[in-house]
Amino acid sequence: MKYKFDETIDRSQTNAFKWKARLLDNDGKKIYPMWVADMEFDAAPAIRKRLEERVKEGVYGYELLSDEYYAAVKHWLKKKHNCNLETDQILYCANMMCGLSMILQTYTEENDEVLMNVPAYGNFYNVIKGCKRVVVESRLKEIDQRFTFDLADMEQRVTEKTRAFLLCNPHNPTGTVWTSEELEQICLFCQKHHLFIISDEAHFDFVFYGQHTMMKKIADKYQIPTVTIISPGKSFNVAGIQTAALLVEGIKTKNELFNTMHAMAYPFEHAFAEAVTIGAYMESEEWFEEAYNYIKSNKDMVVKYLKENIPVLRVPYSEATYLLWVDCNGMKMDEEEIMLFWENECGIMPSAGSEFGDSGKKFIRLNLACPTKTIESALEKMKKGFDRFF
Ligand SMILES: Cc1ncc(COP(=O)(O)O)c(C=O)c1O
């Protein structure tokens, strides 16, 4: 292995949100954070080198991205996702959720409804509600342990006021990779109800099983307006450096969204965005491939271990993301008791299922992007904790 994914990095004394934002020391008992979706790995050397060079320039004034930035985004999309774009179809935005907010502010009105499948990434709720739009939830259903959307339920939920469908592709937290047939069905549904599509593809590089299809490709066939949100944040562990992109239909859509950016007095790019994006998409594929295989092996190991050793937990089929959605209903506890159990009896802090809406209650989500030895020790602690009580 060329890169040091096995190395433990001590972030406990840093400003890392994952480490800082909750009480981590409970009566001297260390609790390992496995919640927020970033990795316990250093960024790729090429990204760090690009950043160091940018820092050395010494001036960090207002920026305009160069052609190289757009070439890098196009390169990654073509190489990894077989998606060909023109430069005028790419609009930089600071982060993905800021992009979602811009889309909602541009293409919907106050009190308009946005339909999404739940459980869902918590900030989807925050942004939609923060923009004074209304969340319409349609619960995913499980078929043979795999989460999928429930078209009949979606038909019941959609109303005259529903304007957009927000897709998480692949799906956080369940890890479902939507098949092209499923995406076609969503398109037919959106076409029937005149909804435009927002496709969040934050986790599209970490697809371990199944085949990821960018929604844009299918939606284009049906001529459904679609804005895709991407970022190197998850794939390269650079979410703290603000760089994401909206993939739009063309210059008209780009200008409409840009007008909303202007209203937010937000026309300039982060001074480090270009260095990070080029370092990632053009120069760090090898790092990514190694991280991908490392995490896949972590995830396979955890799924197998939990199934064999802690049967009170149920692990539905998860095809993508470095996260694992675990059903804790078998523990016969309420949500708060479940979280306290994980923290006090196992010394681990997962994400609480309720962060993903009410339908996530009594599940937890584990972040597996950390050194394998950390995972092994976490599994041991889990087994001890569960063996004492179940
Ligand atoms: C599905 C999804 N979208 C977006 C984000 C966050 O992206 P950003 O920090 O760029 O807003 C996350 C982070 O966990 C996520 O899981």
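The values are calculated or read from the model by the stated rules, or taken from the named source; none is laboratory data. Keep in mind that this is a model prediction, so the values were computed, not measured. No Cβ is skipped: glycine too gets one built from the backbone with ideal geometry, and neighbour counts run over all protein chains shown.
Within the stretch 130-176, work out how many residues are more than 16 Å from the ligand (Cβ to nearest atom), part of a helix (DSSP H, G or I) and farther than 19 Å from ILE197 by Cβ.
2
Tell me which helices (runs of 4 or more DSSP H) are completely within the stretch 45-124 and hold 3 or more residues being more than 16 Å from the ligand (Cβ to nearest atom) and farther than 17 Å from SER199 by Cα, or say none if there are none. Give the derivation first.
Numbers: elements: 45-57, 67-81, 96-107.
Here the list reads 45-57, 67-81.
Considering only the stretch 346-390, state which residues are over 30 Å from VAL127 (Cβ atoms) and small (Gly, Ala, Ser). Steps first, please.
Just the residues of the stretch 346-390 that are over 30 Å from VAL127 (Cβ atoms), to begin with: 346-347, 371-390.
Matches in the stretch 346-390: GLY347, SER377, ALA378, GLY385.
Take the stretch 217-249 and flag every residue that is within 16 Å of the ligand (Cβ to nearest atom) and part of a helix (DSSP H, G or I).
GLY233, LYS234, SER235, PHE236 - these are the residues of the stretch 217-249 that are within 16 Å of the ligand (Cβ to nearest atom) and part of a helix (DSSP H, G or I).
Looking at TYR69, TYR32, TYR60, which one is at pLDDT 95 or above, more than 12 Å from ILE278 (Cα to Cα) and of a type in the set (Phe, Trp, Tyr)? Outline the logic, then answer.
Details: TYR69 fails: more than 12 Å from ILE278 (Cα to Cα); TYR32 fails: at pLDDT 95 or above.
Only one candidate qualifies: TYR60.
Where residues in the stretch 257-276 are within 25 Å of TYR121 (Cβ to Cβ) and not aliphatic (A, V, I, L, M), which of them is modelled with the lowest pLDDT? It would help to see each step written out before you state the result.
Here is the first cut: in the stretch 257-276, the residues within 25 Å of TYR121 (Cβ to Cβ) are 257, 260-261, 264, 266, 269-270, 272-273, 276.
Narrowing the set further to residues that are not aliphatic (A, V, I, L, M) leaves 260, 266, 269-270, 272.
On the way: THR260: 96, TYR266: 84, GLU269: 93, HIS270: 94, PHE272: 97.
Among residues in the stretch 257-276 that are within 25 Å of TYR121 (Cβ to Cβ) and not aliphatic (A, V, I, L, M), the one modelled with the lowest pLDDT is TYR266.
Taking ALA244, is it at pLDDT below 95 and not β-branched (Val, Ile, Thr)?
Values: at pLDDT below 95: no; not β-branched (Val, Ile, Thr): yes.
Taking the combined requirement at face value, the residue does not satisfy it.
Part of a helix (DSSP H, G or I) and modelled with pLDDT of 95 or more: does that describe PHE189? Spell out the reasoning first.
Details: part of a helix (DSSP H, G or I): yes; modelled with pLDDT of 95 or more: yes.
Yes; evaluated as a whole, the condition is true for this residue.
Return the pairs, sorted by first residue and then second, in which the second residue is polar (S, T, N, Q) and surrounded by 11 or more Cβ atoms within 10 Å (Cβ to Cβ), the first residue lies in the stretch 56-70 and is free of Cβ contacts under 8 Å to residues at least 60 places away in the same chain, the beta carbons are less than 9 Å apart, and the residues are 6+ apart or on different chains.
ASP67/THR87; TYR70/THR87
Among the numbered criteria (1) surrounded by fewer than 20 Cβ atoms within 10 Å (Cβ to Cβ); (2) among the small types (Gly, Ala, Ser); (3) at pLDDT 95 or above, which one does ALA239 miss?
(1)
What residue, of MET96, MET102, MET116, MET34, is of a type outside the set (Gly, Ala, Ser) and not assigned by TED's automatic domain parsing to the domain that holds CYS168? I'd like the intermediate steps shown before the answer.
Values: MET96 fails: not assigned by TED's automatic domain parsing to the domain that holds CYS168; MET102 fails: not assigned by TED's automatic domain parsing to the domain that holds CYS168; MET116 fails: not assigned by TED's automatic domain parsing to the domain that holds CYS168.
That would be MET34, the only listed residue that is of a type outside the set (Gly, Ala, Ser) and not assigned by TED's automatic domain parsing to the domain that holds CYS168.
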